[in-house]
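Take a look at the structure below.
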Amino acid sequence: MDRQLKEGQGWRLGWQPNVAFPGLVGTNEWAVELTTAEFADFRRLLLQLVDSVEQLQDQLMAEETIACEASSDLIWLEVQGYPHQFDLSFILLSGRRAEGHWPAGSTSELVSAVQTIEVF
């Protein structure tokens, strides 16, 4: 599998196999390289949060916002906002420390890219 880099307005996502830090998450202003396990957890937890928000959507009034978080031993993620448009934040919990944030205008495309990037 070759190196992949997907990017859009306010987000970047990458995968390059056979290197120490094959995953990449970021924006146009910052980026963090992730290990295979960190990137796998980022993808898994993000998709779980999106699923949770979609399941709760019918229980919220139109003007209500929601905040959901999920974590592993390696990474913490939070989505906050409306079910159809939310901010995404993460904190890397492993030996290296990093954190990042994407505003609501960027997360829809980022989630789509996470679902389509070919890894492992």
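Name, by its number, the condition in (1) surrounded by fewer than 16 Cβ atoms within 10 Å (Cβ to Cβ); (2) modelled with pLDDT under 95 that does not hold for GLU99.
Unmet condition: (2).
Name, by its number, the condition in (1) farther than 24 Å from LYS6 by Cα; (2) aliphatic (A, V, I, L, M); (3) touching a residue at least 60 places away in the same chain (Cβ under 8 Å) that does not hold for LEU56.
Every listed condition holds for LEU56 apart from (3).
Residue-wise test of (1) surrounded by 13 or more Cβ atoms within 10 Å (Cβ to Cβ); (2) in contact with a Cys (Cβ under 9 Å, 6 or more places away or on another chain); (3) more than 14 Å from GLU118 (Cβ to Cβ).
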position: LEU13; (1), (2), (3): yes, no, no
position: ALA20; (1), (2), (3): no, no, yes
position: GLU29; (1), (2), (3): no, no, yes
position: THR36; (1), (2), (3): yes, no, no
position: PHE39; (1), (2), (3): yes, no, no
position: LEU46; (1), (2), (3): yes, no, yes
position: LEU49; (1), (2), (3): yes, yes, yes
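Which of (1) touching a Leu at 6+ places or on another chain (Cβ under 6 Å); (2) modelled with pLDDT under 95 is the odd one out, the single condition GLU54 does not satisfy?
For GLU54, the exception is condition (1).
List pairs: first residue in segment 81-108 and on the phi > 0 side of the Ramachandran plot, second residue small (Gly, Ala, Ser) and surrounded by fewer than 16 Cβ atoms within 10 Å (Cβ to Cβ) anywhere in the structure, Cβ distance under 9 angstrom, at least six positions apart or on different chains.
Cβ pairs passing all conditions: GLY81/ALA67.
Please note which strands (runs of 3 or more DSSP E) are completely contained in segment 1-71 and include at least 1 residues that are polar (S, T, N, Q) and out of contact with any strand residue (DSSP E or B) (no Cβ under 6 Å at 6 or more places or on another chain).
Because the criterion is at least 1 residues that are polar (S, T, N, Q) and out of contact with any strand residue (DSSP E or B) (no Cβ under 6 Å at 6 or more places or on another chain), the strands (runs of 3 or more DSSP E) in segment 1-71 that meet it are 66-71.
Has segment 68-75 got at least one residue that is among the hydroxyl-bearing types (Ser, Thr, Tyr), in contact with a helix residue (DSSP H, G or I) (Cβ under 6 Å, 6 or more places away or on another chain) and surrounded by fewer than 18 Cβ atoms within 10 Å (Cβ to Cβ)?
There is at least one residue in segment 68-75 that is among the hydroxyl-bearing types (Ser, Thr, Tyr), in contact with a helix residue (DSSP H, G or I) (Cβ under 6 Å, 6 or more places away or on another chain) and surrounded by fewer than 18 Cβ atoms within 10 Å (Cβ to Cβ).
Collect the residues in segment 76-92 that are at pLDDT 90 or above and either polar (S, T, N, Q) or closer than 18 Å to LEU24 by Cβ (or both), keeping them in residue-number order.
LEU77, GLN80, LEU88, SER89, PHE90, ILE91, LEU92
All but one of (1) surrounded by fewer than 14 Cβ atoms within 10 Å (Cβ to Cβ); (2) within 11 Å of the chain's Cα centre (by Cα); (3) over 27 Å from ARG3 (Cα atoms) hold for GLU78, so report the exception by its number.
(1)
The values are calculated or read from the model by the stated rules, or taken from the named source; none is laboratory data. Predicted, not measured: the structure shown is a model, and the values here were computed from it. In this analysis, Cβ positions are derived from the backbone assuming ideal geometry, glycine residues included, and neighbour counts consider all displayed protein chains.
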